[in-house]
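Comments concern the structure below.
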Amino acid sequence: MKKVSIIGILLLLCIVSTVKAQVPAGIPYQAVARNTSGNLIVSQTVGIRFRILSDTPAAGTVWFEERHTPTTTDLGQINLTIGSGTLLSGNFATIPWEHANVRLQVDMDPAGGT
């Protein structure tokens, strides 16, 4: 009985030690687009830029940057996945999530520009 439980514990330790966290394929993002007057931007193409930066004052290191040009719904809603847009710089898979504090910057061009 003791041999079985010792072998089981050793096997479990081997499995646990080889399991590592994986980078997500993307981060779901949902928003409602509004203009500077607070009115909904409906059924229009908007430009969205995502930047993932180090969490430092002023200009931190940009780990990843991409853009999207979605069309809003009739309620002004957009649904995107961060990590699946047009790459501007960096690599989503190499963001040091485990070693650095990061922050997300979201910019929108209501005219649909980039």
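Each reported figure results from applying straightforward, stated rules to the coordinates on display, with no laboratory input. Computed from a predicted structure; not experimentally measured. Cβ: placed from backbone, ideal geometry, glycine included. Neighbour counts: every protein chain shown.
Brief remarks on what is shown
- Residue 112 long-range amide H proximity, modeled H, under 5 Å: 47
- For the peptides 28-41, 65-78, the ranking by packing is 65-78, 28-41, with the highest mean count of neighbouring Cβ atoms within 10 Å listed first.
- Packing, taken as the mean count of other beta carbons within 10 Å per residue, orders the peptides 79-87, 101-109 from highest to lowest as 79-87, 101-109.
- Site pair residue 88 and residue 44 shows an inter-label distance of 2.0 nm when each label is modelled 7 Å from Cα along Cα→Cβ.
- Compared with the direct C-alpha span, the chain from residue 69 to residue 105 gains 11.3 nm at full extension, assuming 0.36 nm per residue.
- When the square roots of the Cα gyration tensor eigenvalues are ordered a ≥ b ≥ c, the ratio a/c for the stretch 29-80 is 1.5 or more and a/b exceeds b/c, which makes its shape prolate.
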